[in-house]
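Undergrad: Mind having a look at this structure? Questions to follow.
Derivation of every value follows stated rules applied to the coordinates shown; laboratory data play no part. These figures come from a predicted structure and were not determined experimentally. All Cβ positions, glycine included, derive from the backbone under ideal geometry; neighbour counts span all protein chains shown.
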Amino acid sequence: MLISHFLHGPISAYPRDYVDGAHQELHVHREAQLLYAVSGVMRLVTAEGAWIIPPTRAVWIPPWVEHEIFMSGEVRMRSLFVAAEYSPANLQGCCVLAVTPLLRELIVRAVQGPEQARNPLIQQLMLEELAALENLPLHIPMPTDRRLQRICLALLEAPDHPNSLEDWAQQVGASTRTLARLFQQQVRMNFNAWRQQLRLMEALPRLIAGESVQHVAKVLGYGSARAFSSMFRRLLGDNPRDYLNALNQFSAINASR
């Protein structure tokens with residue numbers, strides 16, 4: 001399904017709110033889209049994989065990429081639609097981005113109405129900020145090899161599954177070396193890194209919903225909260241409590257707008 005938006009120059013801005021469990025069905029845009037989460041958690045799914053978008057973060061979707069979106073919690077979505085010819089050259093694929101305070105303020109201003117979104121100074125600043133955003137490791141790529149797909153789908157169903165790559169090799173009828181090579185070729189990371197990415201994506205909605213670090217660590221198969229926190233810090237740069245405190249501060253600011 002094609003959904004197109006009237007562009008006020010290079011960029012248009014649209015606010016939408018969703019209830020917990022809402023779903024945007026598969027669709028495409030002629031324009032690129034930046035999905036920004038003021039509150040709630042969004043999960044973007046394409047044929048290439050899945051991306052998790054926690055509050056105060058955004059996901060970039062290039063033009064003509066078919067996608068669907070799943071909402072967790074009450075989602076306040078703020079979207080920027082960017083004309084294809086103005087898309088930053090460094091944003092060629094879907095990715096989760098760390099939104100700067102300046103871009104956050106520009107988005108808040110732009111969604112107030114067409115007269116704000118049409119402001120050429122706001123539009124130029126948004127384009128410059130978009131091109132400089134940090135890419136975050138919140139992506140789960142999906143392989144095409146049927147043996148890897150079997151493993152990945154099983155882990156999507158049960159992220160705490162304890163099987164090692166050697167265990168999976170026996171189940172899917174391939175050598176450990178073959179599976180390791182295919183993981184690197186098809187998802188550009190090794191098996192353990194892919195599983196860590198998956199567990200991180202599963203952890204964020206739970207933590208944001210208020211589950212304790214200890215409970216989330218146990219549910220996802222970690223032997224201790226410390227081991228889980230170490231993984232979390234390595235991938236996102238903060239321990240879970242500091243990360244959530246920062247999210248809550250940003251969300252409180254945004255909720256007052």
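Undergrad: Can you work out the Karplus-derived ³J(HN,Hα) for every residue in segment 126-142? Use 6.51 cos²θ - 1.76 cosθ + 1.60 with θ = phi - 60°, whole Hz, and x for glycine or proline.
TA: 4, 5, 5, 5, 4, 5, 10, 6, 7, 7, 9, x, 10, 10, 10, x, 10
Undergrad: Which Cα, out of L247, T178, N190, lies furthest along the positive dipole direction of segment 142-247 (beta carbon charges, K/R +1, D/E -1)?
TA: Selected residue: T178.
Undergrad: What are the extents of the Cα atoms of segment 142-247 along their three principal axes, listed from largest to smallest and rounded to whole Å?
TA: So the three principal-axis extents are 44, 22, 20 Å.
Undergrad: Turning to a different aspect of this structure: Pop the C-beta distance of A193 and Q124 into the FRET formula with R0 = 35 Å and round what comes out to the nearest 0.05.
TA: 0.40
Undergrad: Lys and Arg at +1, Asp and Glu at -1: add these up for the other residues within a Cβ distance under 15 Å of H215 and post the number.
TA: Working: positive: R199, R206, K218, R226, R241; negative: D160, E202, E211.
So the environment of H215 carries a net charge of +2.
Undergrad: Also, quick follow-up: Could you tell me the calculated FRET efficiency between N163 and D242, based on Cβ-Cβ distance and R0 = 30 angstrom, to the nearest 0.05?
TA: 0.40
Undergrad: A further question follows. What net charge do the residues around L97 carry, taking every other residue with its C-beta under 12 Å from that of L97, with Lys and Arg at +1 and Asp and Glu at -1?
TA: With Lys, Arg at +1 and Asp, Glu at -1, the neighbours total 0.
Undergrad: Given H placed on each backbone N at 1.01 Å, which residues far from L97 in sequence or on other chains put an amide H within less than 5 Å of it?
TA: Here the answer is A58, V59, W60, L136, since their amide H atoms fall under 5 Å of that of L97.
Undergrad: With contacts defined as alpha carbon pairs under 8 Å and 6 or more residues apart, what's the relative contact order of the chain in percent?
TA: Values: 451 pairs, mean separation 44.9, N = 257.
It comes to 17 percent, rounded to a whole number.
Undergrad: 222 nm [θ] for the chain, helices only, -39500 (n - 2.57) per DSSP H run of 4+, per residue, to 500?
TA: Details: 10 runs with 111 residues, N = 257.
For the chain, the value works out to -13000 deg cm²/dmol.
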